[in-house]
1. Using the structure shown, decide if Arg5 is outside any helix (DSSP H, G or I), open to solvent by 50 Å² or more (accessible area, probe 1.4 Å), in contact with a Ser or Thr (Cβ under 8 Å, 6 or more places away or on another chain) and closer than 20 Å to Tyr123 by Cα.
2. Any residue in the stretch 77-92 that is open to solvent by 50 Å² or more (accessible area, probe 1.4 Å), under 22 Å from Val126 (Cα atoms) and either modelled with pLDDT of 95 or more or among the hydrophobic types (A, V, I, L, M, F, W, C) (or both)?
3. If you take the residues of the stretch 96-107 that are touching a residue at least 12 places away in the same chain (Cβ under 8 Å) and open to solvent by 70 Å² or more (accessible area, probe 1.4 Å), which of them is nearest to Thr35 (Cα to Cα)?
4. Quick check, is Thr34 among the hydroxyl-bearing types (Ser, Thr, Tyr) and either open to solvent by 30 Å² or more (accessible area, probe 1.4 Å) or at pLDDT below 95 (or both)?
5. So Glu65 fits all but one of (1) in contact (Cβ under 8 Å) with a residue 60 or more places away in the chain; (2) open to solvent by 50 Å² or more (accessible area, probe 1.4 Å); (3) over 20 Å from Arg117 (Cα atoms); what number is the exception?
Amino acid sequence: MTERRAILSGSVFEERIGYARAVVDGGWVHVSGTTGFDYTTMTISDDVVEQAEQCLRNIGAALAEAGCGFEDVVRVRYLLPVREDFEPCWPVLRRCFGDVRPAATMMVCGLADPRMRIEIEAYARVPQP
């Protein structure tokens, strides 16, 4: 049987909705859709680029707790309510994924809170010793 464990970030949303920031299942890490909230203060910037940076800090923390990093990401999904907000985020996203080149999808859709301007989910493989 494979190992399955939840990684929690401390976000109030995890408790209220009933999910984990990430789930490690065997050698795979499934990172939930992650927004630009700073979970320690439960604040969020109005700026989409700053939100993207915070999303990646939140995802990076979950990946680290799972025993991997951005270099292990194989799939990423970007969700934005406004299509035009995506391109300003490219330099931030390229810093984490430019050398890794995971499979990627960008979708335009509504998010749970109107303050949220980007949400990112990721899938990674835990490196084997």
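1. Considered against the rule, which asks whether it is outside any helix (DSSP H, G or I), open to solvent by 50 Å² or more (accessible area, probe 1.4 Å), in contact with a Ser or Thr (Cβ under 8 Å, 6 or more places away or on another chain) and closer than 20 Å to Tyr123 by Cα, Arg5 comes out as no.
2. So far as the stretch 77-92 goes, yes, one or more of its residues are open to solvent by 50 Å² or more (accessible area, probe 1.4 Å), under 22 Å from Val126 (Cα atoms) and either modelled with pLDDT of 95 or more or among the hydrophobic types (A, V, I, L, M, F, W, C) (or both).
3. Result: Met107.
4. Values: among the hydroxyl-bearing types (Ser, Thr, Tyr): yes; either open to solvent by 30 Å² or more (accessible area, probe 1.4 Å) or at pLDDT below 95 (or both): no.
No.
5. So the condition that Glu65 fails would be (1).
The values are calculated or read from the model by the stated rules, or taken from the named source; none is laboratory data. Computed from a predicted structure; not experimentally measured. So basically every Cβ, Gly included, is an ideal-geometry build from the backbone, and we count neighbours across all protein chains shown. Surface areas here come from the heavy atoms of the whole protein model, side chains and all, with no ligands, DNA or RNA. Shrake-Rupley method; radii C 1.70, N 1.55, O 1.52, S 1.80 Å.
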